[in-house]
Amino acid sequence: MPTRDGRIDGGINRDWGIDRDWGIDRGKGNVKASVIVPTRGGAERLPALLSSLAAQTHTEWEAIVVIDGDIDRSAKVVAEYAHLPVRSIVFPENRGRVAALNAGLADADGDVLLRVDDDFELSPGHLAAHLAQHEKGEHGVIGLPRNIAQPTRYMRVYGVEADERGRREAYAIEASERWRLWGGNVSVTRATYERVGGYDPRYRGYGWEDVDYGYRVHLAGVPIVLARDAEVRHHVASVTTPIRVRRAFDSGAARRTFDSIHGAGVSGPPYPVASSTWNRMVIGVSKRLSRGRADRLARCVEGGIVLLPRSVARRAIGLCVEAAGVAGYRVGRDATGADS
């Protein structure tokens, strides 16, 4: 895996040069947390995150910001926080989020490893909340996002309600299914990391590298918990219908990669069952979508939001999003933006 200066080292079994007893029995306040932040084009987002790290009540921490090709002088932004235990790894070119995560994990020295997105703002007790769960035993810990977004047409009609519904469903999910929620605000002990390994490089585009990791934590027999006091403010990027639909399409393609690795149907039914009028509509629209066509459909719906009744606009957006996800799964990683 890449080292801090981009060279390749021997992976997670290198000599860490510190105490190798990775249990969490050192006493409260003495557990070191490593915060891994993958970023690309994050110069405007990183200050809020790094400032929130500076305000943490738990003070035994380090942060490794992995810059996946410095296209906006992100390294200079990180350097402005040299008074904090923050360092950067800079890739000379874009290698993808999985490579960034694995580089940060390989370079980390902590007892507990946290994965944090660059568009988060952490509460002062964020690290302490994660660590409190690990004090109880070996767990995978998830904190849900509280999405903060511009009040765009999409957010008013669909996004806010979808976020709130997603949070309710997440907290109600069965413990055995929590791996599906693994995302940008998670943590494991080093013992779990050394058992599970890094993120899977077969995920080369957007989505599902996190869910895959959560599933592997689940397969390793490590209980996954949801920590309400580890929730995070997330300055969400999906604030228009085209952005949301594009991500749904790419996520569907990534879900197919997941099933190709772990077995058909592990992620759930590949396609909706045509048992309702809505599902038949989703299936019908999805069959006509390439990535480019999904994008054009989303732009049309976005333009019509102000003209349609709110309930009709909400269903139109939902139809686009769900159909794009199904189409992405059908096409898989051969998806392109071109029409055929």
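What follows draws every value from the coordinates through simple rules; no lab data is involved. None of the values given here were measured: they were computed from a predicted structure. Note that each Cβ is placed from the backbone with ideal geometry, even for glycine, and that neighbours are counted across all protein chains shown.
Details
- For the chain, the longest principal axis of the Cα atoms and the long axis of helix 241-262 meet at an angle of about 70 degrees.
- Rounded if a/c under 1.5, otherwise prolate or oblate - segment 33-235, Cα gyration tensor axes: rounded
- Helix axis angle, 97-107 relative to the chain longest principal axis, alpha carbon, degrees: 10 degrees
- Summing charges over neighbours of ALA43, with a neighbour being any other residue whose Cβ is under 14 Å away from its Cβ, gives -3 when K and R count +1 and D and E count -1.
- In order through segment 144-153: 3J(HN,Hα) via Karplus (6.51 cos²θ - 1.76 cosθ + 1.60), integer Hz, x for Gly, Pro: 7, x, 10, 6, 10, 8, 5, x, 6, 4
- Centre-to-centre separation between the Cα atoms of segment 96-140 and those of segment 184-234: 10 Å.
- Of all the options VAL86, VAL116, VAL186, the one that moves most in a Gaussian network model of the chain with Cα springs shorter than 10 angstrom is VAL86.
- Overall form of segment 89-193 per C-alpha gyration tensor (a/c, 1.5; a/b vs b/c): oblate
- For the chain, the relative contact order is 18 percent, taking Cα pairs closer than 8 Å that sit 6 or more residues apart in sequence and dividing their mean separation by the residue count.
- 222 nm mean residue ellipticity, helices alone, for the chain (DSSP H n ≥ 4; -39,500 (n - 2.57); rounded to 500): -12500 deg cm²/dmol
- Between the beta carbons of GLN150 and ALA274, assuming R0 = 35 Å, the FRET efficiency works out to 0.40 to the nearest 0.05.
- Spatially proximal lysines relative to LYS32 (Cα-Cα < 18 Å; intrachain offsets below 8 disregarded): LYS136
- Helix 160-172 vs. the chain, principal-axis angle (Cα, 0 to 90°, nearest 10): 60 degrees
- Label-to-label distance, nm, for residues given as ALA54 and LEU307 (7 Å Cα→Cβ offset): 4.9 nm
- With the simple model of a label 7 Å out from the Cα in the direction of the Cβ, ARG202 to HIS83 spans 4.7 nm.
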